[in-house]
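Everything on this sheet refers to the single structure shown next.
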Amino acid sequence: MTPHKGSDRAGEAADVRQRIEALRKLINYHNYRYYVLDDPEIPDSEYDRLMRELERLEAVHPELITPDSPTQRVGAEPLKEFGEVRHKVPMLSLANAFSDEELREFDARVRKLLGTKGPVAYAAEPKLDGLAISLRYEKGVLVQGATRGDGYRGEDVTANVRTIDTIPLRLLGGEWPEVLEVRGEVFMPRSGFCRLNEEARRRGEKTFANPRNAAAGSLRQLDPRITASRPLTFFAYGWGELSVERLADTHSESMRILRDYGLPVSPELQVLEGVEACLSYHRAMLEKRERLDYEIDGVVFKVDDLDAQEKLGYVSRAPRWAIAHKFPAEEALTVLRDVEWQVGRTGAVTPVARLEPVEVGGVVVKNATLHNMDEIEKKDIRIGDTVYVRRAGDVIPEIVRVLLDRRPADARRIRLPKKCPVCGSEVIKPEGEAIARCTGGLFCPAQRKEAIKHFASRRAMDIEGLGDKLVDQLVDKGLVHDPADLYALTKEQLTGLERMGEKSAQNLLDALERSKETTLARFLYAIGIREVGEATAQTLARHFGSLQAIEQADEETLQQVPDIGPVVAAYIAGFFRQPHNQEVIRRLREAGVHWPEGEPAPKPEELPLHGRSFVLTGALSRPREEIKAELQALGAKVTGSVSKKTDYVVVGENPGSKYDKARQLGITILDEAGLKKLLEEPDGRH
Ligand code: 9MJ
């Protein structure tokens, strides 16, 4: 009996061993489909299931765990220091070409040395901006990973490269040479880099300056668990020591073979005939650069034929058969000469750097954005500083950092101007806000068009027929400088405009006349004080009753009003402090704009939506708080849950259970269009 039992157990063990091996093979194959071919065959859930089964079997049979098992990527213990690795075949650097001319010279040299008249075939691929790595496979198993170091001696980072999912721990197939050193670049995709920095920011930790630094910092961790948590990846672009003479006769064919072994290779790899094709490739990759999820700083061309490579040989430490054709630098050093302040159409006052002209990424840069005062202070930028300017794609150039050791003794601090450089009104930057703003809303030429369009809009003065295009024309022709000028327009002036007949001109004059009769709340909203929307305007009107009372209120008094905090109070007081704004208001009233002054604040029960209860649900196109404030200003109550007392449920996209409940209870359901109509005509029947 006993022998029988024993062989049973042996049979079972053999089954487990077989299953484990089958699982490892399957997992390696699906890794290859996913990472190398970018063409997964099974969903992630199925892959996870295979991994879990393998983990479970290995937990029960720890004696069957091998270092190349896909479960063994993260080693247990942090290292004290990295060991040294000698590269038997040195890891070379590449010569650079910085212009089309230099690439043509490279090609001419290659052809001369090879004695060929016709075009040479080159293998072309993007030049990754990461870290060069050598991976040593023995009998198909990854046994060592090493950094380039000085090209002859690097650091042993085996435990760390093992954690990189795209690097196979065991090669696919069985045809590989006994010793195979794969050379390539470890790098961090942009998307992963952004995620990593976002997480660091959230935790209040230091962020990385760029993906290259992040990749280098992640690979040089003594604790492989940290490396494992970083989104690193790898592309192979060559080889070092081989136990056979060659993998193939060309570079491109060798790369195809590496790919078949399960190693990721750039999908952009191409074979090109002659230097002109190389120049086109360079231009195409430069154009494509922004769309790639990893940073590249040029393209690499390698003579494809390996016999030709041998013939060409090496000069000092770089092969004569390869060259990196670099892209124009995206960063450059220059001097900050001065700072000017620009006023946007909403009154934002932003600093613009005037730079000593410098070429960055192929264009001459003279200006860069400095964003705002907080940014300037954070980076400690001063006039006279030597600064790094960065330009990427179509974005506005910006100052990355200052070289403090080059700061001249007379460097000047940058100060926010007290007066608007365009209209001379006061500039204010409320506590806690990043952006400074001009307070001359009604008068400032920079804000003119925007202010007039807002003034005329439906929910403000409601001047029918005065659309954006017409405002543009009136301002461009110099007929209107501020909202008060609208009321001085004549029929002759109007009929002189494009597409403005006698009839439309009269209609506009009539609309202007009608708009003069308004309410204090509308008027307050129309004059466009920053942060004073309709709800706040209504609250102000109700609370103070007259314009004079509001004009005379200081910031402290304003903060007594419900929902008005220090920022809004600062904007309101700042606005009325400007003599120019006062002047425009005086002229508006002189032209006949009026409202029931000094009227008692409308009683809550007089508000059009008084006593109505609303619930908002689903994804709405505007912030919920904004809609809520508008409804409340009209007297409505906004609550969080649906009950029999609810009058309306406003539903956005993908509403949840509140919508179902509202339907059950037979409550009126409004979509966004319905809500808009109700807000516009709250006095209508409902
Ligand atoms: C990079 N960095 O992408 C080489 N490289 O070849 C490519 N670097 C290289 N090839 C020989 N694609 C030495 C370095």
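Any residue at all in the range 201-212 that is modelled with pLDDT of 90 or more, part of a helix (DSSP H, G or I), touching a Lys or Arg at 6+ places or on another chain (Cβ under 7 Å) and farther than 22 Å from A124 by Cα?
Taking every residue of the range 201-212 in turn, none turns out to be modelled with pLDDT of 90 or more, part of a helix (DSSP H, G or I), touching a Lys or Arg at 6+ places or on another chain (Cβ under 7 Å) and farther than 22 Å from A124 by Cα.
Yes/no per residue for (1) over 26 Å from G362 (Cα atoms); (2) touching a residue at least 12 places away in the same chain (Cβ under 8 Å); (3) out of contact with any Ser or Thr (no Cβ under 7 Å at 6 or more places or on another chain); (4) assigned to a loop (DSSP other than H, G, I, E, B):
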residue: I399; (1), (2), (3), (4): no, yes, yes, no
residue: A409; (1), (2), (3), (4): yes, no, yes, yes
residue: R415; (1), (2), (3), (4): yes, no, yes, yes
residue: C423; (1), (2), (3), (4): yes, yes, yes, yes
residue: P430; (1), (2), (3), (4): yes, yes, yes, yes
residue: E433; (1), (2), (3), (4): yes, yes, yes, yes
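Give the residue, chosen from N581, N507, that is in contact (Cβ under 8 Å) with a residue 12 or more places away in the chain, under 17 Å from Y487 (Cα atoms) and open to solvent by 30 Å² or more (accessible area, probe 1.4 Å). Spell out how you get there, then give the answer.
Values: N581 fails: open to solvent by 30 Å² or more (accessible area, probe 1.4 Å).
Sole residue among the options that is in contact (Cβ under 8 Å) with a residue 12 or more places away in the chain, under 17 Å from Y487 (Cα atoms) and open to solvent by 30 Å² or more (accessible area, probe 1.4 Å): N507.
Conditions: (1) without any contact (Cβ under 8 Å) to a residue 40 or more places away in the chain; (2) loosely packed, with under 12 Cβ neighbours inside 10 Å. R111 meets all but one. Number of the miss?
(2)
Of all residues being among the small types (G, A, S) and over 21 Å from G75 (Cβ atoms) in the range 177-230, which is most open to solvent (accessible area, probe 1.4 Å)? Just the residue, please.
For the range 177-230, the residue satisfying everything is A209.
If you take the residues in the range 231-245 that are within 16 Å of the ligand (Cβ to nearest atom) and surrounded by fewer than 19 Cβ atoms within 10 Å (Cβ to Cβ), which one is farthest from I133 (Cα to Cα)?
L242
For the range 80-146, please list each of the strands (runs of 3 or more DSSP E) lying entirely inside it that holds at least 2 residues being within 16 Å of the ligand (Cβ to nearest atom) and more than 16 Å from V303 (Cβ to Cβ).
Here the list reads 121-128, 131-138.
So which of V615, V650 ends up being within 38 Å of the chain's Cα centre (by Cα), outside any loop (DSSP other than H, G, I, E, B), free of Cβ contacts under 8 Å to residues at least 40 places away in the same chain and surrounded by 19 or more Cβ atoms within 10 Å (Cβ to Cβ)?
Exactly one residue qualifies, and that residue is V650.
Which members of the range 276-311 meet the condition of being of a type in the set (A, V, I, L, M), modelled with pLDDT under 95 and within 13 Å of the ligand (Cβ to nearest atom)?
L292, I296
Could you tell me whether the range 72-88 includes any residue that is polar (S, T, N, Q), in contact (Cβ under 8 Å) with a residue 12 or more places away in the chain, surrounded by 15 or more Cβ atoms within 10 Å (Cβ to Cβ) and closer than 30 Å to R183 by Cα?
Filtering the range 72-88 down to residues polar (S, T, N, Q) leaves 72.
Those left that are additionally in contact (Cβ under 8 Å) with a residue 12 or more places away in the chain: 72.
Still in the list and also surrounded by 15 or more Cβ atoms within 10 Å (Cβ to Cβ): none.
No, the conditions are met nowhere in the range 72-88.
Quick one: in the range 315-325, of everything that is out of contact with any Phe, Trp or Tyr (no Cβ under 7 Å at 6 or more places or on another chain) and within 11 Å of the ligand (Cβ to nearest atom), which residue is most open to solvent (accessible area, probe 1.4 Å)?
R317
Taking V349 as the residue in question, decide whether it is in contact with a Phe, Trp or Tyr (Cβ under 6 Å, 6 or more places away or on another chain), under 21 Å from V427 (Cβ atoms) and open to solvent by less than 70 Å² (accessible area, probe 1.4 Å).
Working: in contact with a Phe, Trp or Tyr (Cβ under 6 Å, 6 or more places away or on another chain): yes; under 21 Å from V427 (Cβ atoms): yes; open to solvent by less than 70 Å² (accessible area, probe 1.4 Å): yes.
Taking the combined requirement at face value, the residue satisfies it.
Taking the range 485-497 on its own, how many of its residues are open to solvent by less than 10 Å² (accessible area, probe 1.4 Å) and at pLDDT 95 or above?
The number of residues fulfilling the criteria is 1.
State yes or no: is A248 within 16 Å of the ligand (Cβ to nearest atom), open to solvent by less than 20 Å² (accessible area, probe 1.4 Å) and of a type in the set (A, V, I, L, M, F, W, C)?
No; evaluated as a whole, the condition is false for this residue.
Each row is one residue, and each column tells you yes or no for (1) part of a helix (DSSP H, G or I); (2) more than 39 Å from the chain's Cα centre (by Cα); (3) over 30 Å from S316 (Cα atoms).
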residue: R19; (1), (2), (3): yes, yes, yes
residue: R33; (1), (2), (3): yes, no, yes
residue: D68; (1), (2), (3): no, no, yes
residue: G75; (1), (2), (3): no, no, yes
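Might you check whether a residue that is within 16 Å of the ligand (Cβ to nearest atom) and either over 30 Å from R406 (Cβ atoms) or of a type in the set (S, T, N, Q) (or both) occurs anywhere in the range 326-340?
No, there is no match, as no residue in the range 326-340 is within 16 Å of the ligand (Cβ to nearest atom) and either over 30 Å from R406 (Cβ atoms) or of a type in the set (S, T, N, Q) (or both).
Among the residues of the range 51-60, is there at least one that is within 16 Å of the ligand (Cβ to nearest atom) and either open to solvent by less than 40 Å² (accessible area, probe 1.4 Å) or not β-branched (V, I, T) (or both)?
No, the range 51-60 has no match at all.
Tell me yes or no: at least one residue of the range 227-247 is more than 28 Å from F82 (Cβ to Cβ) and not in a loop (DSSP other than H, G, I, E, B). Step through it out loud before you land on a result.
Going through the range 227-247, the residues more than 28 Å from F82 (Cβ to Cβ) turn out to be 244-247.
Next cut, not in a loop (DSSP other than H, G, I, E, B) only: none.
No: zero hits.
Test of understanding: among G174, G149, which residue is open to solvent by 20 Å² or more (accessible area, probe 1.4 Å), within 16 Å of the ligand (Cβ to nearest atom) and more than 30 Å from C278 (Cβ to Cβ)?
Values: G174 fails: within 16 Å of the ligand (Cβ to nearest atom).
When all the criteria are applied, what remains is G149.
The values are calculated or read from the model by the stated rules, or taken from the named source; none is laboratory data. What you see is a predicted model; the values in this text were computed from it and never measured. FYI the Cβ positions are ideal-geometry reconstructions off the backbone, even for glycines, and counts take in every protein chain you see. Accessible surface areas use protein heavy atoms only, side chains included; no ligands, DNA or RNA. Shrake-Rupley method; radii C 1.70, N 1.55, O 1.52, S 1.80 Å.
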